[in-house]
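Enquirer: Quick one: the structure is below, and I'll ask about it shortly.
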Amino acid sequence: IQHIATKIPYMVDVGNHEVAYGFSHYTERFRLIGDSFAPRDYPTVSSSDGDGFNNWFYSHDYANVHFVAISTEIYFNYADTDLLKNQYDFIDADLKLVDRAKTPWVVVHGHRPCYCSCDDDCGDDAALTREGVDGKFGLEELLHKHNVDLYIAGHEHNYERMFDVYKNETTKTTTNPKETIHIITGDAGGPEGHEVFTLAQPERTAFRTDGFGYSEMTVYNDTHLHWQQFQGEDKNDKMFGNAAVIDQFWLVNENH
């Protein structure tokens, strides 16, 4: 993404490929992210360069959207430490302070999904993120409690857009949903190739594909959000001349 990243501001969250040396490469490279506009008291991270902004879990406002970045890797690498509870408490406290009159849209993003349907392996990992360790500190309860509009993840090398989901149940709506809509957009490409779907498509899933592409989210106002999925190749790795829109939907929420 060098040709994009050198020109367009972007925010990040940490993934499993950054695990080496305690995620130090990610921590140092992005140690200043968000530091200049953090609206609340945030925990810090210490390294050989001193104390810095905690870029494993943080939040920021952009226009009428409140974004919360989290580390799903804590569930897999630090589950037996206080870090898991610290992140859970941070998310809970942060979302309690959101002013929905100012930022009606709330988007949480982390590397691993809470739901997926490509294979059993992804399902087991998603359950841990969703339900927590020994039933504690699961992410889904926080999304439900604070009426989060979208949870966006990657990790699986495919695209899967779901309807509103809570405890694996869905009303299949994108208009005034009462639960969070989950989207996996992890199909930007890479040497590991495609993550094919080996399981039947569940009721909660509106659309899925393992073709490489990217997503675009446009927030038009306080009630209307438009999501598009662009695909740049077919399943035989044949590149298109131009990226084509293969999935799109309007998320309408008058209540948040």
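Enquirer: Quick one: ranking Phe163, Phe207 by accessible area, 1.4 Å probe, largest first, what do you get?
Expert: Output order, biggest surface exposure first: Phe207, Phe163.
Enquirer: By the 4.7 Å beta carbon criterion, which cysteine residues of the chain come out unpaired?
Expert: Cys114, Cys118, each lacking another Cys Cβ under 4.7 Å.
Enquirer: Rounded to the nearest 10 Å², what accessible area does Tyr166 have for a 1.4 Å probe in the complete protein model?
Expert: Approximately 50 Å² for this residue.
Enquirer: Just to verify a number: what accessible area does Lys145 come out at with the full protein assembly present, 1.4 Å probe, Å² rounded to tens?
Expert: In the full protein context, Lys145 sits at about 110 Å².
Enquirer: Shifting gears a bit: Quote the FRET efficiency, to the nearest 0.05, computed for Gln2 versus Ala63 with a Förster distance R0 of 25 Å and r equal to the Cβ-Cβ distance.
Expert: Calculated transfer efficiency: 0.40.
Enquirer: Looking at the chain only, what percent of DSSP beta bridges run antiparallel? Nearest 5 please.
Expert: Antiparallel: roughly 75 percent of the beta bridges in the chain.
Enquirer: Considering only His17, Val65, Asn55, whose Cα is most displaced toward the positive end of the charge dipole of the chain, charges sitting on Cβ of Lys, Arg (+1) and Asp, Glu (-1)?
Expert: Val65
Enquirer: Still on this structure, I have one more. Let me check something: with ligands and nucleic acids excluded, how do Thr205, Thr173, Thr81, Thr198 order by accessible area (1.4 Å probe), largest to smallest?
Expert: Correct descending sequence by accessible area is Thr198, Thr81, Thr173, Thr205.
Enquirer: Using a Gaussian network for the chain with springs between C-alpha atoms less than 10 Å apart, which of these wobbles most: Asp82, Asp125, Asp61?
Expert: Ranking Asp82, Asp125, Asp61 by mean-square fluctuation puts Asp82 first.
Enquirer: Which one of Gly193, Thr174, Tyr220 is farthest out on the positive end of the charge dipole of the stretch 162-233, using unit charges on Cβ (Lys, Arg +1; Asp, Glu -1) and the Cα centre as origin?
Expert: Thr174
Enquirer: Still on this model: Got a number for the accessible area of Glu179? Probe 1.4 Å, square angstrom, nearest 10.
Expert: 40 Å²
Enquirer: Work out the length of the dipole vector of the stretch 110-256 about its Cα centre, built from +1 on the beta-carbon of each Lys and Arg and -1 on the beta-carbon of each Asp and Glu, and round it to the nearest 20 debye.
Expert: 380 debye
Enquirer: Sort the stretch 121-256 into rounded, prolate or oblate with this rule: let a ≥ b ≥ c be the square roots of the eigenvalues of the Cα gyration tensor; rounded if a/c is under 1.5, and if a/c is not under 1.5, prolate when a/b is larger than b/c, oblate otherwise.
Expert: Since a/c reaches 1.5 but b/c is at least a/b, the shape of the stretch 121-256 is classed as oblate.
Enquirer: Is the shape of the stretch 162-233 best called rounded, prolate or oblate, per the rule: a/c under 1.5 gives rounded, else a/b larger than b/c gives prolate, else oblate, with a ≥ b ≥ c the square roots of the Cα gyration tensor eigenvalues?
Expert: Note, shape of the stretch 162-233 comes out oblate.
Enquirer: Take the alpha carbon atoms of the stretch 159-205, find their center, do the same for the stretch 61-139, and report the distance between the two centers in whole angstrom.
Expert: What the calculation gives is 16 Å, centre to centre.
Enquirer: May I ask you to rank Ile246, Ile152 by accessible area, largest first, using a 1.4 Å probe over the protein chains only?
Expert: Ranked list, largest accessible area first: Ile246, Ile152.
Enquirer: What does the C-alpha gyration tensor say about the overall shape of the stretch 104-160? Classify as rounded when a/c is under 1.5, otherwise prolate if a/b is larger than b/c, or oblate.
Expert: oblate
Enquirer: At a 1.4 Å probe radius, carbon and sulfur cover how many percent of the accessible area of the chain?
Expert: 50 percent
The values are calculated or read from the model by the stated rules, or taken from the named source; none is laboratory data. Source: prediction; values computed, not measured. Please note: Cβ atoms are built from the backbone with ideal geometry, for glycine as well, and neighbour counts cover all protein chains shown. Note: areas computed on protein heavy atoms with side chains; ligands, DNA, RNA excluded. Shrake-Rupley method; radii C 1.70, N 1.55, O 1.52, S 1.80 Å.
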